[in-house]
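J.: Below: one structure in structure tokens.
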Amino acid sequence: MTTTAELNRLLDVIEKDIAPLTAKGVVSGNKLFGAAILRKSDLSLVVAETNNETQNPLWHGEIHAIKRFWELPAGERPDPKECYFLCTHEPCSLCLSGITWSGFDVFGYLFSHTDSAESFAIPYDIQILKGVYAVPDPDRDAPAPGRDLYNRVNEYFTSINLAEQVSASGEPDLIARVRTIGELYDELSATYQQGKGNAGIPLS
Ligand SMILES: [Zn+2]
């Protein structure tokens with residue numbers, strides 16, 4: 001369970017460190033996904049980044065943050081196991097793998113894959129997980145209906161749905177903050193959707 005103070009701090013990072021970068025990114029045609037790497041000990045910021053697919057289609061917010069993290073001088077870079085990986089949106093297959101291969105063992109996200117598909121009109125997370133990884137093998141049983149598209153808790157990482165944690169907290173202030181951040185991301189999404197297709201991103 002994430003405490004109220006921790007949830008407030010994570011929402012602060014989304015609002016004050018990630019979203020301002022994303023506001024600039026979407027204007028130049030990048031998607032609205034962002035990420036930050038924090039120290040678990042005090043949730044202080046190590047790196048915040050946003051999607052930069054106009055430069056390289058692999059620079060999703062999470063991967064861009066990982067790239068920046070590993071570019072830090074070794075003496076300034078905490079052990080990934082001492083870090084909390086914060087994602088604005090539930091990571092796609094690329095970013096799930098990037099987080100795993102980089103040794104981070106926990107991440108939290110505010111908006112789910114379903115939110116990305118339904119509220120932000122970016123369906124690729126679910127489509128790629130189904131299309132590339134979970135195509136039923138005709139020689140075996142089809143996956144059980146409704147099963148998760150990846151193991152949200154596994155030997156490499158634990159993922160935390162922050163919106164669920166906020167709902168479970170029952171704290172009106174936190175619930176209101178998430179609503180406000182949702183409105184902010186609706187605006188960022190509108191900017192991205194207006195200009196998408198013009199920036200040369202393969203899956204836009
Ligand atoms: Zn991704």
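The values are calculated or read from the model by the stated rules, or taken from the named source; none is laboratory data. In this text, all values refer to a predicted model and were calculated from it rather than measured experimentally. Reconstructed Cβ throughout: ideal geometry from the backbone, glycine too, with neighbour counts over all protein chains shown.
J.: Which residue, of SER102, SER116, is within 14 Å of the ligand (Cβ to nearest atom) and surrounded by fewer than 22 Cβ atoms within 10 Å (Cβ to Cβ)?
T.: One residue alone meets the criteria, SER102.
J.: For the stretch 25-65: of the residues being of a type in the set (Asp, Glu) and more than 11 Å from the ligand (Cβ to nearest atom), which is nearest to CYS95 (Cα to Cα)?
T.: Once the filter is applied, the top-ranked residue is GLU49.
J.: Another one. Strands (runs of 3 or more DSSP E) wholly in the stretch 1-118 with at least 2 residues that are within 16 Å of ASN161 (Cβ to Cβ) - which ones?
T.: Of the strands (runs of 3 or more DSSP E) lying wholly inside the stretch 1-118, those with at least 2 residues that are within 16 Å of ASN161 (Cβ to Cβ) span 83-89, 106-111.
J.: Continuing with the same structure: When the residues of the stretch 160-203 are narrowed to those that are in contact with an Asp or Glu (Cβ under 8 Å, 6 or more places away or on another chain) and outside any helix (DSSP H, G or I), which ends up modelled with the lowest pLDDT?
T.: Only one residue tops the list, namely ALA199.
J.: Now for a separate question. Where the second residue is among the small types (Gly, Ala, Ser) and more than 11 Å from the ligand (Cβ to nearest atom) and the first is closer than 23 Å to VAL178 by Cα and lies in the stretch 90-116, which pairs have Cβ atoms under 6 Å and are six or more apart or on separate chains?
T.: That search, which allows pairs on different chains as well, returns GLU90/SER112; PHE107/SER159; LEU110/ALA163.
J.: Out of the residues in the stretch 121-151 that are closer than 18 Å to HIS64 by Cβ and touching a His at 6+ places or on another chain (Cβ under 9 Å), state the one that is modelled with the highest pLDDT.
T.: ILE122
J.: Can you tell me how many residues within the stretch 1-23 are free of Cβ contacts under 8 Å to residues at least 24 places away in the same chain and not small (Gly, Ala, Ser)?
T.: 4
J.: Just to verify a result, which residue in the stretch 29-60, among those that are of a type in the set (Gly, Ala, Ser) and free of Cβ contacts under 8 Å to residues at least 40 places away in the same chain, is nearest to ASP79 (Cα to Cα)?
T.: SER44
J.: When you check SER44 against the structure, is it within 14 Å of ASP125 (Cβ to Cβ), surrounded by fewer than 17 Cβ atoms within 10 Å (Cβ to Cβ) and among the hydroxyl-bearing types (Ser, Thr, Tyr), yes or no?
T.: no
J.: Still on this structure, I have one more. From the residues in the stretch 66-98 that are of a type in the set (A, V, I, L, M, F, W, C) and away from the ligand (no atom under 11 Å from the Cβ), which one is farthest from VAL26 (Cα to Cα)?
T.: Only one residue fits best here, namely ALA74.
J.: I'm trying to understand the selection: among the residues of the stretch 119-131, which are touching a strand residue (DSSP E or B) at 6+ places or on another chain (Cβ under 9 Å) and within 11 Å of the ligand (Cβ to nearest atom)?
T.: ILE122, ASP125 - these are the residues of the stretch 119-131 that are touching a strand residue (DSSP E or B) at 6+ places or on another chain (Cβ under 9 Å) and within 11 Å of the ligand (Cβ to nearest atom).
J.: A further question on this structure: Can you give me the number of residues within the stretch 153-174 that are of a type outside the set (Phe, Trp, Tyr), surrounded by 14 or more Cβ atoms within 10 Å (Cβ to Cβ) and without any contact (Cβ under 8 Å) to a residue 60 or more places away in the chain?
T.: The total comes to 1.
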